[in-house]
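First up is the structure itself, then whatever we jot down about it.
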Amino acid sequence: MSDTTAIPQPALHALEQFPIVFSGNVEYAEMQGMAWAPGRVNLIGEHTDYNDGFVLPIAVDRVTAFAGRGRREDVVRLWSSHYKEYAQFSLEGLPTTFARQREDLPGWARYVLGVVTELMSVGVTLAGFDAVIAGDVPLGGGMSSSAALEVATAEACALFSRGAFTIGSERATLAPMQVAAACQRAEQIASGVRCGILDQAASCLGRPGKAVLLDCRSLDYRYLPFEAPNLSLVVIDTGVRRELASSEYNVRRKECEDAVTLWREIILQHESGNEAARSITALRDITQEEFDRYGRHLPEPLRRRAGYVIAENARVLQTGKLLETDSFVEIGKLLWLSHAGLRDEYEVSCSELDALVMIAKQVEGVLGARMLGGGFGGCTVNLVYSEAVKSLRQAVEREYPRRSGRQASIDICRAAGGPGNVCVR
Ligand code: GLA
C-alpha cells in the first residue's frame, strides 16, 4: 500500500482495528484489503424511484468501509466498530439458509448477509472473510448508511473472492447497476422495507463533482455537473429516528400502486376507446395534463399521493436541465416546492424536518432546502451560498432547540466518488 491519499479515513481506521479485533488462530488466505462505498444525498426526486420515475442523487464524501482478510472456510465474521458488536454467519447453504441465519444476527449484519445471499443467488462465487466495519455516514439519518453498507459489502466480497468475481463496467462479472439491483433486493429482504433503487444506485454510481440523473424504469443514467465553488451542500440532521418510517414507507408504496389501478379504470370510464390506458403500470405514466383533467376522481389520500409524485418527477427533469446551466437559484426554488409536496401531499415529513426547512428559509443565501430520503425524521438537504453557511448554522443553533427541544447536527458534504477496494500486502 503506497499511496493512501485516495483511501477514505474509515477504511484506514478499520484496517488499524483489524489485528486488534481478530487475533488468534485462524488460517487466513492471502488476500487482505479494504473496501468501501459512499452514502448519498438526493438533490431531488423523493419517493419517485418505486414509481418508475426519476431521481437525482449525489454520492457524498462519507463512506462505510470494510478492512479484512479472506478465509479458507466458508464463514464470514464481522466486527462493527460503531456498535462494538460481533456477528458471524456461514456461506454454506445460502441462499436457502438466509431466513434462519438472519434471525440470529443484529440488525446491521442482516444487510451484509442480505447482500451475500443476493450475490450468491445471481450465481457469483464467494469466499469467507473476517472484517472490521467502520464508517462516517450518519446512521439511519437519510444519507443511506444501509445502502453504503450494502454496496461496500459487495465490494468486499469481490475483493475477498480472489478474482472469482469482479465489479466494473467492462468485462466484469457484474456491472454497477447489477450490483445496485442486488443490494436493493438485499435491503428489502434484510429490513422488510420495499425500497426502490435510489440509494444503492447512487452509491454504486458516485463520481466526484457529479450528480446522477437516473431513470428508475429503464435504469439508464446520465452524469450532470455538480460543481459550484461558491455553493455548499449542507445536510442537517434533526436527531429524530422514527420506527414508523418503515411501516409508513410500505403504506405509501401500496397507495401509489392502488392509485395506478384506479387510474386505469378512471381513464377507461371517461375515454372508453383509450386503449393506451391499459398499459399504464406506474405513476410515471401519468402526465400532469392528464392528472389535471381526471385527478379529482381519485379518492383521498390517493389523489394527493399521486399528485405529489407526478409533480416531483417533473421537478427532477427540470432540475436536470437547470444543472446543465448551473442555474442553482432556480434549482433552489424547486427544492422548497419538493418539501412542501412531501409535507402536505405525500405526508412523510415531521415537525422537526419542517422546523429545519422553515429556519433555513429565513436565512439569506439559502437557495433551497427540503427533507431527505424516506422521511419521518433524518436529515434535510440545503443548497447554500458558502458565505451563508455560518448564518445558517447560527440560525439552526438558535432556533431549532427552541422549536423542537432537540439539537441538530450540521454537515457539509461534497459530491464524491463511488465504491472502491484496495489490496494490502
Ligand atoms: C428511502 C428508500 C429509497 C427511496 C427514498 C425516498 O431512502 O430506500 O428507495 O424511495 O427513501 O425517495
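The values are calculated or read from the model by the stated rules, or taken from the named source; none is laboratory data. Since the structure is predicted, the reported quantities are computational estimates derived from the model, not experimental observations. Reconstructed Cβ throughout: ideal geometry from the backbone, glycine too, with neighbour counts over all protein chains shown. The area values use the complete protein model at the heavy-atom level, side chains included, leaving out ligands, DNA and RNA. Shrake-Rupley method; radii C 1.70, N 1.55, O 1.52, S 1.80 Å.
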Among the lysines, which have Cα under 26 Å from the Cα of Lys390 when same-chain residues fewer than 8 positions away are ignored?
Lys210, Lys333, Lys361
Of every Cα-Cα pair in the chain, the percentage lying beyond 28 Å is 49 percent
Nearest 10 degrees, 0 to 90: helix 9-21 Cα axis against the chain principal axis
40 degrees
If each part is reduced to its alpha-carbon centroid, segment 124-177 and segment 201-238 end up apart, in Å, by 20 Å
Cα-based helix-to-principal-axis angle, 107-121 vs the chain, degrees rounded to 10:
80 degrees
Here the FRET efficiency for Val26 versus Asp215, based on Cβ atoms and R0 = 45 Å and rounded to 0.05, is 0.50
If I fit a long axis through the Cα atoms of helix 302-324 and take the longest principal axis of the Cα atoms of the chain, what angle between them do I get, 0 to 90°, rounded to 10?
70 degrees
Whole number please: convex hull volume per residue of the Cα set in segment 376-425, in Å³?
166 Å³
The chain: relative contact order as a whole-number percent, Cα under 8 Å and 6+ apart
23 percent
When the helices in the chain are scored as -39500 (n - 2.57) per DSSP H run of 4 or longer and the sum is shared across all residues, what 222 nm value do you end up with, to the nearest 500 deg cm²/dmol?
-13500 deg cm²/dmol
Quick one: how many Å² of Met120 are accessible to a 1.4 Å probe, rounded to 10?
50 Å²
Any number yet on Rg/Rh for segment 184-288, C-alpha, Kirkwood?
1.07
On average, how much accessible surface per residue is there in the chain, in Å², for a 1.4 Å probe, leaving out ligands, DNA and RNA?
42 Å²
With Thr153 itself left out, Lys, Arg at +1 and Asp, Glu at -1 over residues whose Cβ is under 15 Å from its Cβ give -2
Carbon/sulfur fraction of accessible area - segment 253-392, other protein chains in place, 1.4 Å, %:
50 percent
Compactness of segment 274-321 - radius of gyration and Dmax, Cα, Å:
11.4, 34
Per GNM of the chain with C-alpha springs under 10 angstrom, the most fluctuating residue out of Glu255, Glu155, Glu312 is Glu255
Separation of alpha-carbon centers, segment 361-425 and segment 306-334, rounded to whole Å
20 Å
Using a 1.4 Å probe and ignoring any ligands, DNA or RNA, find the accessible area of His13 and quote it in Å² to the nearest 10.
70 Å²
May I ask you to derive the FRET efficiency for Asp344 and Ala228 from their Cβ-Cβ distance with R0 = 35 Å, giving the value to the nearest 0.05?
0.75
Please give the length that would be gained between Ala314 and Arg402 if that part of the chain were fully extended, namely 0.36 nm times their separation in residues minus their C-alpha to C-alpha distance (nm, one decimal).
28.1 nm
Nearest-10 value in Å² for the accessible area of His297, using the 1.4 Å probe:
80 Å²
Most fluctuating residue of Ala158, Ala99, Ala131 in a GNM of the chain with Cα springs under 10 Å: which is it?
Ala99
Mind computing the radius of gyration and Dmax over the alpha-carbon atoms of segment 1-137? Å is fine for both.
16.6, 51
Computed on Cα atoms, the radius of gyration and Dmax of segment 313-360 in angstrom are 12.0, 34
Over what distance in Å are the Cα centres of segment 87-108 and segment 1-70 separated?
21 Å
Return the single residue from Lys321, Lys84, Lys254 with maximal mean-square fluctuation; model: Gaussian network over the chain, springs between Cα atoms under 10 Å.
Lys84
